[in-house]
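**Student:** Got a structure for you, questions after.
The values are calculated or read from the model by the stated rules, or taken from the named source; none is laboratory data. Every value quoted in this text rests on a predicted model; they were computed, and no experiment measured them. Counting neighbours? That spans all protein chains shown, and the Cβs are built from the backbone with ideal geometry, glycine included. When the accessible area is computed, the model is the full protein with side chains, heavy atoms only, and any ligands, DNA or RNA have been set aside. Shrake-Rupley method; radii C 1.70, N 1.55, O 1.52, S 1.80 Å.
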Amino acid sequence: MAQANSAGPVSRGPALNQPVSSVGWRDTVARSLLHFDFDFDEPKSFTGAVSSRPFADLEFINMACGRHAAYRDASKINQSQRPEYLLTLQLSGEFRLTQEDRTAILKPGQFAFYDSSKPASVSSSDDYRSLCLKFPKKLVAASGEALDELTATRLDADSGLAPSVWALLSTLSETVDSVSNVNRYSTVSGVMNLVGAMLASQAGVPAPVRPEETRVSLVRRIHEYIDEHLGDPELGPQEVAGAHFISVRYLHSLFQESGTSVAASIRDRRVERCRIDLADPALTHVPAAAIARRWGFKGASHFGQIFKAATGLTPAEFRHRAASGIR
């Protein structure tokens, strides 16, 4: 797809949000993408628009804007945030990306990616338009340092797995809202397997192959997955099973061996996270209902019932006792 017509017309993607001026561009990009500093050739006439659509562990970001440059140095990097890759598909205009002394100059039908945990600089021409996929590095971490050497390297979307990746991401960006919650995490696994294989091929390393798993390692991985997704109110047996390519029945059998159930494990982990936050003096200003939502409870009433059943106290009583030092 080095030429846009090699795989059919390039989609313009979902509708973008209301355009903003150069004054609001910094905050708009920080909310949807990453924190940057900006330079504008003509700040008074600059406009740009972004739409950001989360999809399980992924985020699809569509952007259109005028000419400008952006810089991301160490002061803009929060080391406590999860390290991510950002894969940019160039749809219109020209894009220049520099990271680790490498520079990729992209035209429509080309793409490149960069690392959120390292400094980078970018610049775009007028009539710039792109689709960006933001995803945790760990989803393709099996290829290790080889991928780090591939950032800010131009990839042409007309050979190998690249045309399939381009077509899949373009289509999925437009249809994310139609994918059921049950299928989202299994869809992400399939997408990232393809993206990881493409990047591994570009880096000249074998595509990552998952070794045979024991029941113990699978259960451990499932528990880690649950911990990472507690904030998703739709997290349940079907989502967990789909993300690990196993049946719900087999998932239940894994948990029965430890004398619990999937739903009970998720519930207990959520209660424990809420207990920790409710007892934290630094969070006394945060309403209990907000803490409950943070950890995936759908409503304050439901949360109160579950919390009291688990602790013998209402959230308010528990917070008061914690603040008073009563155990």
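**Student:** Can you send over the carbon and sulfur percentage of the accessible area for the chain, probe radius 1.4 Å, protein chains only?
**Tutor:** Details: 8330 of 16360 Å².
C and S atoms contribute 51 percent here.
**Student:** If you build a Gaussian network model of the chain, linking Cα atoms that sit under 10 Å apart, which residue out of Glu174, Glu224, Glu84 swings the most?
**Tutor:** The residue with the greatest mean-square fluctuation here is Glu224.
**Student:** Let me ask something else about it. Short version: ³J(HN,Hα) in whole Hz for each residue of the range 115-127, in order, from phi by Karplus 6.51 cos²θ - 1.76 cosθ + 1.60 (θ = phi - 60°), x for Gly and Pro, what are they?
**Tutor:** Running phi through 6.51 cos²θ - 1.76 cosθ + 1.60 with θ = phi - 60° gives 9, 5, 8, 10, x, 7, 9, 9, 8, 10, 8, 5, 6 Hz.
**Student:** For a quick check, take a GNM of the chain with Cα springs below 10 Å and name the residue from Ala241, Ala104, Ala290 with the largest mean-square fluctuation.
**Tutor:** The residue that fluctuates most here is Ala290.
**Student:** Pick the calculated mean projected area of the Cα convex hull in nm² for this structure from (1) 21.5; (2) 19.4; (3) 16.4?
**Tutor:** The listed entry that was calculated here is (2).
**Student:** Within straight cross-link reach of Lys134, meaning Cα distance under 21 Å, which lysines are found once same-chain residues fewer than 8 apart are removed?
**Tutor:** By straight Cα distance, Lys134 reaches Lys76, Lys107, Lys118.
**Student:** When only DSSP loop residues count, what chymotrypsin sites (Phe, Trp or Tyr not before Pro) in the range 226-265 have their Cβ near at most 16 other Cβ atoms within 10 Å?
**Tutor:** Numbers: sites: Phe245, Tyr250, Phe255; in loops: Phe245.
Passing sites in the range 226-265 are Phe245.
**Student:** Mind listing the phi-derived Karplus ³J(HN,Hα) values for the range 290-307, rounded to whole Hz, using 6.51, -1.76 and 1.60 with θ = phi - 60°, and x for any glycine or proline?
**Tutor:** These are the phi-based 3J(HN,Hα) values: 5, 4, 4, 5, 4, 9, x, 6, 7, x, 5, 5, 4, 4, x, 5, 5, 5 Hz.
**Student:** Related question: Can you pull the accessible area of Glu42 for me, 1.4 Å probe, Å² to the nearest 10?
**Tutor:** Number for this one is 120 Å².
**Student:** Another question about this same structure. So, for the chain, what is the accessible surface per residue at a probe of 1.4 Å, expressed in square angstrom? List each step's numbers first, then the result.
**Tutor:** Details: 16360 Å² over 327 residues.
Value returned for the chain: 50 Å² of accessible area per residue.
**Student:** Let me ask something else. Express in nm, to one decimal, how much length is gained between Glu272 and Thr284 on full extension, taking 0.36 nm for each residue of separation and deducting their alpha carbon distance. Don't skip to the end; give the middle numbers.
**Tutor:** On the way: separation 12, 0.36 × 12 = 4.32 nm, distance 1.68 nm.
Using 0.36 nm per residue and subtracting the Cα-Cα distance, I get 2.6 nm.
**Student:** Can you compute 3J(HN,Hα) from phi for each residue in the range 65-70, using the Karplus curve 6.51 cos²θ - 1.76 cosθ + 1.60 with θ = phi - 60°, rounded to whole Hz and x for Gly and Pro?
**Tutor:** Those phi angles translate into 6, x, 5, 5, 10, 9 Hz.
**Student:** Just want to confirm a number: the relative contact order over the chain, from Cα pairs under 8 angstrom separated by 6+ residues, in percent. Walk me through the numbers on the way to the answer.
**Tutor:** Numbers: 534 pairs, mean separation 42.7, N = 327.
Relative contact order of the chain: 13 percent.
**Student:** Compute the relative contact order of the range 50-129 as a whole-number percentage, counting only Cα pairs closer than 8 Å that sit 6 or more residues apart in sequence. Mind showing how you got there, number by number?
**Tutor:** Working: 159 pairs, mean separation 31.2, N = 80.
Worked out over the range 50-129, it gives 39 percent.
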